[in-house]
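Here the structure is laid out as structure tokens; the discussion comes afterwards.
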Amino acid sequence: MVTNYISDKAKIGKNVKIWHFAYVGDDVEIGNNVKIGSLAHIDYDVKIGDNTLIEGLVYIPPLSRIGKNVFIGPSVALTNDPYPPSGKLSGVIIEDNAIIGSKAVIKAGVTIGKNSVVGMGAVVTKDVPPDTVVIGVPAKPKYSRNEYDKKQTEWKNS
């Protein structure tokens with residue numbers, strides 16, 4: 001019984017874990033120490049950097065680029081056509097150390113800057129600058145990554 005589809009044309013790094021019922025398309029490059037959750041769909045010509053965690057039910061469309069040390073929460077949807085069905089595809093770029101919260105939606109062609117955070121359920125229609133936390137529909141800047149990290153530390157220690 002086959003539980004995953006991983007293209008013969010995909011390049012998979014060392015120590016990669018791909019959970020049940022995931023799809024990895026042609027010409028995908030996955031770095032080392034990456035984890036991909038159940039029911040994730042990684043379409044063709046996607047690049048994923050080292051130490052990235054992609055939770056279950058995530059859709060990553062063609063031409064997307066995901067950096068190193070990125071966290072993508074459950075049910076996140078990256079899109080690939082800003083005016084569907086135009087037939088002209090554009091990937092999403094998520095730079096190093098970014099965090100994407102559960103059920104966020106990111107419009108085709110958007111760049112999520114280095115060290116940025118997209119809050120859960122946010123709808124991102126514009127580029128997110130580095131070191132910025134965005135929340136809401138449409139997503140708007142709320143505070144800095146330093147403030148986020150402080151809140152996270154306080155939460156862990158409470």
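The values are calculated or read from the model by the stated rules, or taken from the named source; none is laboratory data. None of the values given here were measured: they were computed from a predicted structure.
Would you confirm, using the coordinates I've provided, whether D81 is at negative phi and of a type in the set (D, E, K, R)? Steps first, answer last, please.
Values: at negative phi: yes; of a type in the set (D, E, K, R): yes.
Here the answer is yes, as D81 does meet what is asked.
Of V24, V76, V28, which residue is modelled with pLDDT of 95 or more, under 30 Å from N146 (Cα atoms) and not hydroxyl-bearing (S, T, Y)? Going through V24, V76, V28 in turn, just one is modelled with pLDDT of 95 or more, under 30 Å from N146 (Cα atoms) and not hydroxyl-bearing (S, T, Y): V76.
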